[in-house]
Every structure is written in structure tokens, then in C-alpha cells.
Amino acid sequence: MRLSPSLFGTKMKTQSTTLLFQYWDSLRGSRSAPERGEIEPGAVRHALLDTFILENAREELSFRLAGTRLCALFGGELKDRSFASLWTDTATRIEVLRMVDAVMDEAAGAVTGLAFESSRGAMADFEMVVLPLRHRGKTHARVLGALAPVTAPLWLGSDPVTRIEIRSMRIIWPSGLPRAGTGPDERRARFTVVTGGRA
């Protein structure tokens, strides 16, 4: 199933994902992505619990930092942990990593609707936004994101997540950004998505 582009301004479901996207877009200006060094934690303080930055090094995505609620969600500190390790299902892991690659290639955002299952079988809906960052002028170097509950479950922090299911995935095009790469290293990519919904 192809992922259709969404118009800028498409409403997101959580305060954290909305705030982070709006901040990222305001920093970006006319560029395809802002610099990592421009990110000021105080400007997104209401989203910090759910915010993360990934480093893309040696074709491996790992956490450079992660908010405290995000760490509690997965039962421990996420710094230096592989992003892929969060996704225990192979097919889901492949789709999420393709999505992050496409975000870096497209210089656009992606919003994903997720269903989380705790170790005791409790379910909750989450939303994740993933956005590209430059690092010292390099593209494909850092990724900014937020992962937040649509409604915070009572078990968050006491019962770690053991399974994640993708329910939806869409592109969020930044305001005023041409849909063609702005540089030779910003290639066009094809987005794919796992069919959403539970059987």
C-alpha cells in the first residue's frame, strides 16, 4: 500500500507531536531541515518527556537522547540503544526503518499511529512523529521525533511495552517546501506502509 502525501496542517492527535512538528518547521525556514545545534529544549519543554533524537551512524539508528516518559515506556534508559530493538516484530521493524530512511531522503515529516501492548496484555494508542535534522551541515545524520500516548494509560511506567503494531502512516509536508530535493544528496524515495487496523 502506497503512503499518500498529506497536506501541511493535518491535525495530529497529541500535544507533543504537534508542538514538535511546529517547532521544527519554524526552525527550518526555507531549508529542508534545521541543524541539530539549533534545537533548544526549553522551546519544546511541554514535549520533552516524549521527545527523542536518533543518530544515524554506520547505517545504524541509535538513541542520542530520549525523554523520561519515553524511557519509562520501554522499561529503562534508551540512550545508545538501537532504535530497531524497540520493534520486536520483524515486518513492523522493516517498515519503521524504511519510513525513517524515507523521511531523511524526502526532508519531510512522517506521522505514525501505533498500538502498544504491555507485558500484561494492556493496549494503548500512541502517535509518533519523525523529522529530519542536519548535523554540522550533513543530511541523513540525525532524526528528531516524539512518541506520545493519545491518552496516557494507567500502566505507563509500571508495565513495559512488549509489542507495537502500526495502524497508520502518513507524510506531513512542511509549509513551503518543494516536493523535490533541494540538493544532490536529498533523493526522492518511495514510502510504503503496513495495512492498518487490527484483525
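Rounded to the nearest 20 debye, the dipole size of region 71-133 about its Cα centre is 220 debye, using +1 on the Cβ of Lys and Arg and -1 on the Cβ of Asp and Glu. Using the Karplus relation 6.51 cos²θ - 1.76 cosθ + 1.60 with θ = phi - 60°, the per-residue 3J(HN,Hα) values for region 36-42 come to 4, x, 7, 5, 10, x, x Hz, with x marking Gly and Pro. The fewest-to-most ranking of Ser30, Ser85, Ser62 by surrounding Cβ atoms within 10 Å reads Ser30, Ser85, Ser62. Cβ-Cβ distance of Ser168 and Glu59, R₀ of 22 Å, FRET efficiency by 1/(1 + (r/R0)^6): the value works out to about 0.25.
Extension gain for the segment Ser82 to Arg98, taken as residue separation times 0.36 nm less the Cα-Cα distance, is 4.3 nm to one decimal. Residues Thr139, Thr92, ranked from the fewest to the most other C-beta atoms within 10 Å, line up as Thr92, Thr139. Taking the Cα centre of region 1-152 as reference, the dipole from Cβ charges on Lys and Arg (+1) and Asp and Glu (-1) amounts to some 240 debye. Taking a ≥ b ≥ c as the square roots of the Cα gyration tensor eigenvalues, region 99-168 comes out prolate, since a/c reaches at least 1.5 and a/b is larger than b/c.
Look at Phe74, Phe83 and count the other Cβ atoms within 10 Å of each Cβ; fewest to most, that gives Phe74, Phe83.
First obtain the Kirkwood hydrodynamic radius of region 1-140 from its Cα pairs, then insert it into the Stokes-Einstein equation at 4 °C and 1.567 mPa s, and state the resulting D in µm² per second as a whole number.
Here the translational diffusion coefficient equals 81 µm²/s.
One decimal place: the segment Glu117-Thr90 gains 8.1 nm when fully extended, by the rule 0.36 nm per residue minus the C-alpha distance.
Values quoted throughout were computed directly from the atomic coordinates according to the rules given, and no laboratory measurement underlies them. As the structure is a computational prediction, the values presented were derived from the model and not from experiment. Cβ: placed from backbone, ideal geometry, glycine included. Neighbour counts: every protein chain shown.
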